[in-house]
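Reviewing the structure listed below.
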Amino acid sequence: MKTILNIISYLAILGVIYVAIINAPQMINIALLTKDMILALGLQDVSVINKTLNLASYTLITLVVGLFTGICLIGQLYLSEKNKLNAYKRELEKSSVSNSSNSSKVQVLEAKIATLEKALDDALNR
């Protein structure tokens, strides 16, 4: 499943790049603020707010921003899961250490019991 999703994502990226190359000569106007916002802010120079860009550049910028956003979002999830996994590993180590400690205590007690039983048998035989 992971391989299929990787193939689909690579094909999608290649598709976006292909569309950008095909539309390279096209130009688009980008407005960063609406007319009402411009009037509300009292701006006179709208050349800063309205830009003319090459469609291929706009598409590739959008692709890079999208990839960066996806990496950041998935990176947070990955780090969270990694921290949870490390905490679980520490918990397992603690439980295994306590289990081995308990088993060694049992062995020591069994040895003491065997010694006491032998001493009791020796005392009874005298």
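Applying the criterion of being open to solvent by less than 90 Å² (accessible area, probe 1.4 Å) and not in a helix (DSSP H, G or I) to the residues of region 24-44, the residue that is farthest from residue 10 (Cα to Cα) is 42. In the set 52, 59, only one residue is polar (S, T, N, Q) and free of Cβ contacts under 8 Å to residues at least 40 places away in the same chain; that residue is 52. The residue list 13, 71 contains one member that is open to solvent by 80 Å² or more (accessible area, probe 1.4 Å), of a type in the set (Val, Ile, Thr) and either in contact with a Pro (Cβ under 6 Å, 6 or more places away or on another chain) or assigned to a helix (DSSP H, G or I) (or both), which is 71.
The values are calculated or read from the model by the stated rules, or taken from the named source; none is laboratory data. All of these numbers come straight from a predicted model, not from anything done at the bench. All Cβ positions, glycine included, derive from the backbone under ideal geometry; neighbour counts span all protein chains shown. We work out accessible area using only protein heavy atoms, side chains counted, and drop any ligands, DNA or RNA first. Shrake-Rupley method; radii C 1.70, N 1.55, O 1.52, S 1.80 Å.
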